[in-house]
Every structure is written in structure tokens, then in C-alpha cells.
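The values are calculated or read from the model by the stated rules, or taken from the named source; none is laboratory data. If you're wondering where the values come from, they're calculated on a predicted model, not measured in any experiment. When we count neighbours, we look across all protein chains shown, and the Cβ atoms used for this are built from the backbone with ideal geometry, even at glycine. Ligands, DNA and RNA are excluded from the accessible area calculation, which covers all protein heavy atoms including side chains. Shrake-Rupley method; radii C 1.70, N 1.55, O 1.52, S 1.80 Å.
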Amino acid sequence: MTNLITTPFNADSTAAEVIAGIELTGRRAIVTGGASGIGIETARALAGAGAEVTLAVRNREAGERTAEDIIGTTGNKRVFVAPLELADRASIAAFIAGWEGPLDILVNNAGLMASPLMRTPEGWEMQFATNHLGHFALATGLHGALAAADGARIVSVSSSAHLRSPVVFEDIHFRNREYEPWLAYGQSKTANVLFAVEASRRWADDSIAVNALHPGSIRTNLQRHVTEEELNRLRSQSGTTTSPGWKTPEQGAATSVLVATSPLLNGIGGRYFEDCNEAGPNQPGTRQGVAAYALDPAAAEELWRVSVETLA
Ligand SMILES: NC(=O)c1ccc[n+]([C@@H]2O[C@H](COP(=O)([O-])OP(=O)(O)OC[C@H]3O[C@@H](n4cnc5c(N)ncnc54)[C@H](OP(=O)(O)O)[C@@H]3O)[C@@H](O)[C@H]2O)c1
């Protein structure tokens, strides 16, 4: 890989630091899962810079509460809430139908991690359905709105957990292999990177740039399906010399905000960032960097084809 994008920011940087001096008045953004964890701080930073922000959430009450909080702390009244259940195609279709006008920034942030085996009514494995298929349907459904903006960006929130699994095209939904929550999560997070690769290629002529990222490790509701013991075990394994420390939600939102807004990324798409900089290739035995299979253009194209076919 050549010419990795570097920035003055790092693992300690906050969303507010990354967005300082960036003006988003007149720009419109959607943050999925914007009423919890790093989604809240991503939305707050965008609203603080003047953007109109829609929190796309499945818990309306939490959404209203968060919108009120963000309006209170930023003084920006253009913070809205709209219902979105990513595991339900009808809900996604209704969200898309309700969207009018251009869309400058789509932050595909919502996510489900290491849940026990759950399936959608269609029989799709829930982490893949939520983390990838739902966001795929949302982004492709909003393509016209993104193309109508002047240089839109899509932020695909992935994870270093993508290092746990490629997309296993032979059995994405764990029909013929034993279900393993972390493999399913890893697979879905690889899909988030592959989406950035293929969407950037397909939509370059529409000036839509799509990049993926790992936000770092942040204590949020995401760990709801994981015990404290398992979390400690996971954080101390995999051959790393030191486990990266926990970030605050404000630090965890920084890379999303950088990918959504930084002029340093103008014209850049299909790449993977962590700690506010583009990541190099993963070195075996570490949890940093990006897996070659996650940036593979052939796998990205195949995932797009499979996703269209699945959702048809
Ligand atoms: N926290 C970390 O250490 C970490 C590390 C790597 C990557 N990430 C990624 O960062 C993103 C944000 O995570 P977070 O830590 O902020 O977690 P979080 O606090 O659990 O927030 C995730 C959000 O996604 C929403 N969501 C889950 N399933 C949904 C569905 N089917 N439809 C609509 N919304 C749904 C949740 O809604 P409810 O509140 O209604 O459940 C919640 O608002 C995720 O994509 C995650 O994979 C996080």
C-alpha cells in the first residue's frame, strides 16, 4: 500500500478536536445508532459544526432524549430523530421514503456485537443483517440523495474485529457451520470495509467517497452480550504486547468524524482508518491495521452482488 493518509491527530484525539475549524452549516447528515455510545458523540460533533443531523434510531425515546441533549450542548436546533430498524427492510424503506433532498454525510454507525445466534424472519444471521445488509440497503436506497450533494461522504464504522474473519461466501449465514459469535461479528465488520471499497469504485463519478474505520475500544452498550471475563480474555490475547486502553466516547467518535469531514480526505475512498489515520496492512499477531481480504476488490465486488441478490 502506498501513500497512507496521515493527519495531525491520533488515538487520544477527540471528535471536537478533529472537527475544530470545519464549517458544516447547510450540510445534512444521518447517523445510524445515533442515540448510544460513539454515535451520540459523532452526532454531537457534526451538529456542533453546524450540520443538520438526523439520528436514525430504533429506540425513539432514546433518540428524542439524545437530540434534546445535543441541541442543549451545541445550540444547533436542527437535530432530528427518525425511526430505523436495520434488521427490517420495511423500516429501511420507510426511512428512505421519508428522506427529502440531498444528503452530505451518512454515518453507518449502528452495530450489534457477539450476540447469541439470532436470525431475521428471512433467516439471515443477525449481525450480518444488521451491521452489513441493513446499512447496504440504506446506503443504496439513499444513493440519489448522496449523489445530489456536492461531494458526499459515507462513513462505514467497522472494527479491528474484522481481523477475526473474512466474509465466508460459502456460508455467510452459518447454515452449515457452527455459529461462533465473534466470527459472525468479524465477518460483518469485514463486510463494512468491503462495502467502502466497492461503493467508492461504483460511485466515484457521483463524487461519493466511502471509507471504513475502527473507532478503538470504547465502553458502550455494544458489550452487552459479552461478560467481563470474556472481555478481559479477548483484550489480553492475540499476541499483542499491550492491550490498547479504553477510549472515551468522545475519542471513539474522532475517527468517524475525521472520515466524515476532514479536508485531508478529499477525493479519498475505499480506505480503512484507525486512531485518526489511515491504517497500514495488519501484521500477524497484532490487532492493528487492515486485513488484505478486507480491501480485496474482487471480494468487494462479490459482496455487492450477493447483497443485491439477498435483498432482492
Ligand atoms: N465500542 C467499541 O469498542 C467498538 C469497537 C469497534 C467497533 N465499534 C463499532 O462502533 C459502532 C458503534 O458502537 P457503540 O460502541 O457506540 O455501540 P452501542 O452503544 O451499542 O451503539 C450501537 C447502536 O446501534 C444500534 N443498533 C443495534 N442494532 C440495530 C438495529 N437492528 N437497527 C437499528 N439500530 C441498531 C443500537 O440501538 P439500541 O440502543 O436500540 O440497541 C445502538 O444505538 C458499531 O458499529 C460497532 O461495531 C465499536
**Study point:** PHE273 long-range amide H proximity, modeled H, under 5 Å
**Key:** ALA212, LEU213, HIS214, ALA279
**Study point:** GluC sites (Glu not before Pro) within the range 1-101, DSSP loop, no more than 16 other Cβ atoms inside 10 Å
**Key:** GLU23, GLU100
Review point. How about the range 219-312: which trypsin sites (Lys or Arg not before Pro) there lie in a loop by DSSP and see at most 16 other Cβ atoms within 10 Å?
Key: ARG219
Study note, to complete from the structure: Rounded to the nearest whole number, the Stokes-Einstein translational diffusion coefficient of the range 155-233 at 25 °C and 0.890 mPa s (Kirkwood radius, C-alpha pairs) in µm²/s is 174
Study note, to complete from the structure: With the range 28-174 reduced to its Cα atoms and the Debye formula applied, log10 I(q)/I(0) at q = 0.11, 0.13, 0.16 1/Å amounts to -0.42, -0.58, -0.86
Check your understanding: Along its principal axes, what span do the Cα atoms of the chain show, with the longest given first and each in whole Å?
Key -> 48, 44, 39
Practice item. Provide the net charge surrounding VAL81, with neighbours chosen by a C-beta distance below 15 Å and charges set as Lys +1, Arg +1, Asp -1, Glu -1. Key: +1
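Considering only DSSP beta bridges where both residues belong to the range 88-223, give the percentage that are antiparallel (nearest 5).
Numbers: 1 of 10 bridges.
Here the share of antiparallel DSSP bridges comes out near 10 percent.
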Study note, to complete from the structure: Under a Gaussian network model of the chain whose springs join Cα atoms within less than 10 Å, the largest fluctuation of ALA294, ALA114, ALA209 belongs to ALA114
Check your understanding: Amide H to amide H under 5 Å from GLN288: which residues, 5+ apart in sequence or cross-chain, H placed 1.01 Å off N in plane?
Key -> GLN283
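At 1.4 Å probe size, with every protein chain present, just tell me what the per residue accessible area of the chain comes to in Å².
Here the residues of the chain average 42 Å² of exposed surface.
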Check your understanding: Quick one: what do you get for the range 84-148 if you divide its Cα Rg by 2.2 N^0.38 Å?
Key -> 1.17
Check your understanding: To two decimal places, what compactness ratio does the range 230-312 give when its Cα radius of gyration is scaled by 2.2 N^0.38 Å?
Key -> 1.36
Point to revise | Rg followed by Dmax, in Å, when the range 166-312 is reduced to its Cα trace | key: 16.3, 48
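Antiparallel as a % of all DSSP beta bridges within the chain, to the nearest 5? Show your work: numbers first, answer last.
Numbers: 3 of 31 bridges.
Counting only bridges with both partners in the chain, antiparallel ones make up about 10 percent.
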